[in-house]
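S.K.: Let me begin by handing over the structure; questions about it come next.
The values are calculated or read from the model by the stated rules, or taken from the named source; none is laboratory data. Because the structure is a prediction, the values reported are computed rather than measured. Cβ coordinates were reconstructed from backbone atoms using ideal geometry, including for glycine residues, and neighbour counts include every protein chain displayed. All accessible areas refer to the heavy atoms of the entire protein, side chains included, with ligands and DNA or RNA removed. Shrake-Rupley method; radii C 1.70, N 1.55, O 1.52, S 1.80 Å.
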Amino acid sequence: MIFRIDRRTGVSVHVQLVQQVRQAIRMGRLTSGDQLPTAREVSESTGINPNTVLKAYRELETAGLVEARQGAGTFVRRGLAPPADDEALRRELADWVARAREAGLDLADMQALVADVTAGTAPTREEARRAD
Amino acid sequence: MPTDRTVPALDFAGVTHRFGRLTALDGCSFTVPIGAVTALIGRNGAGKSTLLRAASGLLRPEAGEVRVFGEAAGDGPLPRIGYVAQQAPLYPMLTVAQTLTLGGRLNPRWDTAYARKLADDAALPGAARVGALAPGLRTRLALVMALAKRPDLLLLDEPLAPLDPVARTEVAGALMADVAERGTTVVLSSQVVADVDGVCDHVTVLAEGRVRLAGEVEAVLADHLVAVGAGSGLGALDGMEIIEVRTAGRDATALIRTTGPTPAGNLAWHRPSLEELLLGYLRAAGPAPRRKVPAA
């Protein structure tokens, strides 16, 4: 597993680590029982703080994708199935895109709208606190 | 040396220093916890280098106190500190090999094998005179000297600035591997805000010699929000701690320090990225947050 850090994307580094492990599991490059590189190895090859790597691994563990074995390292637990409502969401989105096209929106317009709505529905501080 | 982890690695209390009429540090107070990697962020002349010199003990501030692992900064804690100043002061007439030998003689905790490995990784030519090295290689030699001393605290003044992109990743990798292995405390100054994310877990922002922001990265992010919307809607921010406001035409964006609920209105709110937060603080005029949106 080789991590690639892109500092121009605006995506925080620990999120990039989480996404790349998820993607590797989804694409089958990482399978059950595979060991993730140690925090020290990732730190040495990417120049990232080991605490950032451990934070990403903890998130993956909370999501049930990997498990930390005492003194042995962090291992992939199970294959990552696509989210259950993937197909339903895709159908709804296709309907929405068709309506947006009729309304005269192009791809860039739609992306801007999605980004705007997503930002507007980002969890407020209160919601975030309750989730914790 | 056994280390009491409840004592901070660095403790600045009301540190003030002037160079002639120029106030370089103005009542700086903040702490650096043991094992943290702290970014010291500020524009040119903000006081970053002066602060690092005060921590190393090379500069005695006019007022205030600097404590290193609980001990007054100076000769006492010096053996535990690796300090790389911006100009990477080394003896230009010595060769690389002689410089490393000298390091071994002068430092009781010197790790010869580690020094050799780091020098090889950096492809430092042993027979070359230090004065003839390219600036990037000089910096790498200075970093080898600091790391091979096996310090508990590394103070690095813009360590990556003179390096090419490949060397940057190599040096950052060597530093972070040292953090992973030994739990070394690192304080590094930087002007490259984008480089801080994922590298530093604490951050201190300096402006005009004063500490504008200091704390753990996750905590400071949680203390701020960005408002985006029409400039006419910014009145809703009055009374909040406004770090920075930018307007362009009818659009406006503001960085706010708040732990309370967001005010009702037509503004969209999001949590800043670390880069967004730091740039906001660097662009902000004046030493303290405002309470009122300035008239456009």
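S.K.: If I take R0 = 25 Å and measure r between the Cβ atoms of A:Gln70 and A:Thr31 in this structure, what FRET efficiency does the formula 1/(1 + (r/R0)^6) give, to the nearest 0.05? The partial results should precede the final answer.
M.R.: Working: r = 22 Å, r/R0 = 0.89.
Once the sixth-power term is evaluated, E becomes 0.65.
S.K.: What is the sum of charges around B:Leu118, taking Lys and Arg as +1, Asp and Glu as -1, for the other residues whose C-beta is under 11 Å from the C-beta of B:Leu118? Intermediate values should be presented prior to the final figure.
M.R.: Values: positive: B:Arg116, B:Lys117, B:Arg140; negative: B:Asp111, B:Asp120, B:Asp121, B:Glu170, B:Asp178.
Every neighbour counted, the sum reads -2.
S.K.: Within the set of other residues whose C-beta is less than 14 Å from the C-beta of B:Ala134, count the net charge using Lys and Arg as +1 and Asp and Glu as -1. Could you put the intermediate results ahead of the total?
M.R.: Numbers: positive: B:Arg129, B:Arg138, B:Arg140; negative: B:Asp164.
Computed value for this residue: +2.
S.K.: With contacts defined as alpha carbon pairs under 8 Å and 6 or more residues apart, what's the relative contact order of segment B:31-77 in percent?
M.R.: 23
S.K.: Send over the Kirkwood Rh of chain B, from the inverse of the averaged 1/r over different Cα pairs, rounded to one decimal Å. Walk me through the numbers before you get to the answer.
M.R.: Working: mean 1/r = 0.0485 Å⁻¹.
Computed over Cα pairs of chain B, the Kirkwood hydrodynamic radius comes out at 20.6 Å.
S.K.: Now a separate question. In a Gaussian network model over chain B where Cα atoms closer than 10 Å are linked, find which of B:Val199, B:Val217, B:Val66 has the largest mean-square fluctuation.
M.R.: B:Val199
S.K.: Using a 1.4 Å probe and counting only protein heavy atoms, how much accessible surface gets buried when B and A come together, both sides summed, in Å² to the nearest 100? Can you show the working numbers first?
M.R.: On the way: alone 14310 and 9630 Å², together 22130 Å².
Using a 1.4 Å probe, the pair buries roughly 1800 Å².
S.K.: Hey, in the GNM for chain B with a 10 angstrom Cα cutoff, which one of B:Asp152, B:Asp26, B:Asp75 fluctuates hardest?
M.R.: Greatest mean-square fluctuation among the candidates belongs to B:Asp75.
S.K.: Classify segment B:219-285 from the C-alpha gyration tensor, please: rounded if a/c falls under 1.5, else prolate or oblate depending on whether a/b exceeds b/c.
M.R.: Oblate is the answer for segment B:219-285, as a/c is 1.5 or above yet b/c matches or exceeds a/b.
S.K.: Sticking with this one: At a Förster distance of 41 Å, what's the computed FRET efficiency of B:Glu181 paired with A:Ala112, Cβ-Cβ distance as r, to 0.05? Provide the component values of the computation, followed by the final result.
M.R.: Details: r = 46 Å, r/R0 = 1.13.
After rounding, the FRET efficiency stands at 0.35.
S.K.: Could you calculate, for the protein assembly as shown, the ratio of the Cα radius of gyration to the Kirkwood radius, expressed as Rg to Rh?
M.R.: Working: Rg = 24.4 Å, Rh = 24.2 Å.
Taking Rh as the inverse mean 1/r over Cα pairs, Rg/Rh reads 1.01.
S.K.: Sticking with this one: Considering only DSSP beta bridges where both residues belong to chain B, give the percentage that are antiparallel (nearest 5).
M.R.: Here the antiparallel bridges make up roughly 70 percent for chain B.
S.K.: From a point 7 Å beyond the Cα of B:Arg18 in the direction of its Cβ, which residues of segment B:53-68 have a backbone N at a distance under 18 Å?
M.R.: B:60-65
S.K.: So if we plug the beta-carbon distance of B:Ala63 and B:Asp120 into 1/(1 + (r/R0)^6) with R0 = 56 Å, what FRET efficiency do we get, rounded to 0.05? Working shown, then result.
M.R.: Details: r = 45 Å, r/R0 = 0.81.
Here the calculated transfer efficiency is 0.80.
S.K.: Compare B:Arg18, B:Arg67, B:Arg138 in a GNM of chain B, Cα atoms joined below 10 Å, and give the one with the largest fluctuation.
M.R.: Between B:Arg18, B:Arg67, B:Arg138, it is B:Arg18 that shows the largest mean-square fluctuation.
S.K.: Whole number in Å², please: accessible area per residue of segment B:124-186, 1.4 Å probe, ligands, DNA and RNA not counted.
M.R.: On the way: 2090 Å² over 63 residues.
Per-residue value: 33 Å².
S.K.: For B:Arg210, enumerate residues with amide H under 5 Å from its amide H, sequence gap 5+ or separate chain, H modeled in the peptide plane.
M.R.: Amide H neighbours of B:Arg210: B:Asp26.
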